Structure formats: C-alpha cells, structure tokens
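Note sheet for the following structure.
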Amino acid sequence: MVSENRMKAAKGLSAFKLCFLAACLVVGTADVYGGGSGRKEIDVIPQVAVKYDRAGEDRIPVVVSQQGLASDPVNATYIIEGSEITLKDGYSEMAVRPDSATKIRTFALGDMVEGDLDDDGDEDAALLLVHDPGGSGTFYYVAVAENVSGRHRGTNGVRLGDRIAPKDLRIRNSVVIARYAERGPSGPMSTAPSVEALLCLAFDEGKLKALKPLGQDEQILEGRVTIGHEVRSFHACTRKTDYWLSGDSPALGEIMARYERALPDARPYTPLFMVLVGTFLEKPSDGLGADYAGAFLATQLVAVRPEGNCVTKSEQNR
Ligand SMILES: [Ca+2]
C-alpha cells in the first residue's frame, strides 16, 4: 500500500512541479527573498531543544520540550481537522474505527519546501498533505514543520480543498504560498479542476493560518513597529524611513495588542519586528502623523517576529 501511495504521490508531484507564477506576493520584487527546496539531512539530534525569545535587546534562551518533536518533517505529527496524524516516512494509515476495514490515509505529496518561517535563523519546512478520510473526498492541506534545534514539530493543516490540483508550493517573506487549480462554484466533481487559485499562509504563534486574499495595492511587508507616547510607526525593511501607522488601519487593534503582549516590560519605543499586509498612503495633513514621510494602512497582521530584523534580510538578498 505504501508503494502504491508513493506512486500516487510521484504522479501528483510531476504535475505539482509544473509551474509557479509569482503572483501572490505582490511583495514588490525588492521584497522577495528566501525560500529553497529539497530535503534537509539531519546529522545531529541535540538532546535539549533551545529556542530564543527576545525581550527588548535581550535574547533569552528557552528550553523547549522534546515532546512532539520528530527527526524530520515526514515523520512529524500534524493536526488534520482536529485529529493528530503522525506520519511514518511520509505516510499514515489507520482504521476509521477499531472494527472497521475503512482506512484513513494521509501522505505527504511532493517535495517539501524550506525557508525560515519564524525568523529564528533556522530552516522550517512547508509541505502538502493529502488526506483521504475513507469517504468519497480526497482533501489537500498545507502544513508546516517548525525547526526546533534540528528536530521538527508539525502544525495544524490548512485545507486547500477536495480533489484540487496542486501546482506549486513556495516560501517568500516568511509566507507560504500554495498555488493550485480548483473547480468553479458550480463545477461538478466530475470535471477537472481548472480555476487558478492561490492561498498565502503564515506561521504565527505556533500555528499555520491562511491570510485573506491581498487587495490590488496591498503588499506583504516586514519591518519594525514602534508604539509609544505620540509615536505609532512602521519602518518597512524596503523603505528608508518610518511611516505613520494609520489610525484607520483595520489591523491596528491587533498590532497594538500584540506589541503590548510581546514587550510588556521593555523600555519605551522599543521596535518590534512584524510582518504586515497593507498599503502606503499619503501622510495625514495634520496631527501626529503629519510629521512622517507618509502613512501605512495595515490591513492584516501576518506575524510577530521578535527575532526578526531587516539586516538579516538584506544579507539574504545578496
Ligand atoms: Ca525558523
């Protein structure tokens, strides 16, 4: 059965490798970096996993539980529709019920892609999972394996759809981009999926989440957010100066709450690295924002990256 499914995976992969049109990330070309592909060989498995939290200027080592960590992404445990699925060499099969012959099958499709999804300096992985719960549907998911000192922790899977046709999986700007074809709203399952679709996903606070589709002028941007008395700014890595964080920003409440949570005891005006979706605007004609070069309307908070910084990004771009 494993070999049969491997063949299915290989067949899917040939189509999967076909193309990628750099669509999702309107992230202007200057904003694109990172990504990679291929499977990473793990030679050394440390006994204790350590990650770092940043509090202002300080990096605080945090010992992470080894529980739930796997040697590599194709042997990690993922959450599919609320259930834990542990892959063994990229494949899982279990009975629907102990007395049932019907099987739930899940397998990793195609090559995983690697990239630093949480800005902690190591390569995480994103992969496609195909999940057949034993009925008529075959569901496709995107999941992430977080790198924890060379070991891997699987995330929740985010569903792309039923019997879709995956085309490409990439990582750009710490965002996972899945391109696939699906059926139109009225297309029966008997027809081949032919409608181009794209989903951007972010790994934030240990979970994988789907982003809302980007508007025409929106970009995904990384940069430093600073909030303090009479200060509320966003300095995108691709810009040379601070921009006023517009009070009309739909994501402003979430940005301020996450800033406060991440830096509860930091000195005033400590910048915090974030990934935001939004658009640049003219600066306001009066008020505190009038002193800035322009304004930024933040529509989505993609992720908070206490360990992120623009210097690392520019080095990666060389
Ligand atoms: Ca990482």
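The values are calculated or read from the model by the stated rules, or taken from the named source; none is laboratory data. All values reported here derive from a predicted model rather than from experimental measurement. Ideal geometry is used to build each Cβ from the backbone, glycine not excepted, and the neighbour counts take in all protein chains shown.
One residue alone among 240, 212 is surrounded by fewer than 16 Cβ atoms within 10 Å (Cβ to Cβ), under 20 Å from the mean Cα position of the chain (by Cα), farther than 14 Å from residue 161 by Cα and not acidic (Asp, Glu), and that residue is 212.
When you scan the range 129-156, how many residues do you find that are away from the ligand (no atom under 16 Å from the Cβ) and either basic (Lys, Arg) or out of contact with any Phe, Trp or Tyr (no Cβ under 6 Å at 6 or more places or on another chain) (or both)?
Residues flagged as away from the ligand (no atom under 16 Å from the Cβ) and either basic (Lys, Arg) or out of contact with any Phe, Trp or Tyr (no Cβ under 6 Å at 6 or more places or on another chain) (or both) within the range 129-156 amount to 12.
Looking across the range 271-300, the residues that are touching a helix residue (DSSP H, G or I) at 6+ places or on another chain (Cβ under 9 Å) and either in contact (Cβ under 8 Å) with a residue 60 or more places away in the chain or among the acidic types (Asp, Glu) (or both) come down to 273, 298, 300. With respect to the conditions (1) away from the ligand (no atom under 16 Å from the Cβ); (2) touching a residue at least 12 places away in the same chain (Cβ under 8 Å); (3) under 26 Å from residue 200 (Cβ atoms), residue 105 lacks only one, and its number is (3). Looking for something of a type outside the set (Ser, Thr, Tyr), closer than 21 Å to residue 174 by Cα, touching a helix residue (DSSP H, G or I) at 6+ places or on another chain (Cβ under 7 Å) and buried (at least 16 other Cβ atoms within 10 Å of the Cβ) - is there at least one such residue anywhere in the range 245-263? No, that holds for no residue.
For the range 173-223, a tally of residues being under 21 Å from residue 306 (Cβ atoms) and not in a strand (DSSP E or B) returns 5.
Within the range 165-172, does at least one residue satisfy the condition of being surrounded by fewer than 22 Cβ atoms within 10 Å (Cβ to Cβ), outside the structural domain of residue 304 (by TED's automatic domain parsing), outside any strand (DSSP E or B) and modelled with pLDDT under 95? Looking for residues that are surrounded by fewer than 22 Cβ atoms within 10 Å (Cβ to Cβ), outside the structural domain of residue 304 (by TED's automatic domain parsing), outside any strand (DSSP E or B) and modelled with pLDDT under 95, one finds none in the range 165-172, hence no.
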